[in-house]
């Protein structure tokens, strides 16, 4: 895994080494030692999540204020615009966001450490997203920030309105959200 910095230092794009020939390809999607070398963290992943979503579905912006989760996100089918938002009040990048296209074709992954909200928008007809988390899902601690919060100003690549879950329709603005110190 080759780490590629973003404008928020803690959020990294991970580019795997892909070996391909006429038969197909091979890649290591995760290696604990390489991940630790890339991030400088000894994160332990405790849960793998797999979601499938139709075109124009927007999921997020989600995070857990207690039992915060770091997430290593990748796409195994289709393409999404993946976003991380810094929700740590004391951070110099508080309220800033990073976004990148993740796809089955480019095989890139995004490392989103604890203290960040996460969301994605589906660009292809259908997409399957896999992500490893550093803590267990705890719905009682989950928070949701509005995807269209003008104080964050995410430049989502959408035309028209996205398809949202009921939970995401009820997201709050950053200025009203429970935040990390």
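The order of 22, 181, 142, going from fewest to most other C-beta atoms within 10 Å of their C-beta, is 22, 181, 142. Counting neighbouring beta carbons within 10 Å and listing from fewest to most, the residues 102, 61, 179, 170 come out as 170, 179, 102, 61. Reducing the range 1-51 and the range 111-181 to their Cα centroids gives an inter-centroid distance of 21 Å.
Hull volume per residue, based on the alpha-carbon atoms of the range 1-102 and their convex hull, is 138 Å³. Available extension along the chain between residue 36 and residue 151 is 38.1 nm, counting 0.36 nm per residue and deducting the alpha carbon span. Give me the distance in nm between label points sitting 7 Å out from Cα along the Cα-to-Cβ direction at residue 66 and residue 44, one decimal. Distance between the two pseudo-spin positions: 2.1 nm.
Within the chain, all pairs of alpha-carbon atoms sorted by distance into 5 Å bins from zero give the percentages 1, 8, 17, 21, 22, 16, 9, 3, 1, 0, 0. Quick check on the range 1-45: take the gyration tensor over C-alpha atoms, sort the square-rooted eigenvalues as a ≥ b ≥ c, and tell me if it's rounded (a/c under 1.5), prolate or oblate. Since a/c reaches 1.5 but b/c is at least a/b, the shape of the range 1-45 is classed as oblate.
Here's the picture: a label point sits 7 Å out from the Cα of residue 18 along the beta-carbon direction, and within the range 81-107 the residues with their amide nitrogen under 13 Å of it are 102-107.
Of the residues 42, 14, 110, the one that moves most in a GNM of the chain with alpha-carbon contacts below 10 Å is 42. Rounded if a/c is under 1.5, else prolate if a/b beats b/c, else oblate: with a ≥ b ≥ c from the C-alpha gyration tensor eigenvalues square-rooted, which is the range 64-106? Oblate, since a/c reaches 1.5 and b/c is not below a/b. DSSP finds beta bridges in the chain, and of those with both partners inside it, around 95 percent are antiparallel.
Here, each number is a calculation from the coordinates, and none is a lab measurement. Not measured: the values here are computed from a predicted model. Cβ atoms come from the backbone with ideal geometry, glycine included; neighbour counts cover every protein chain shown.
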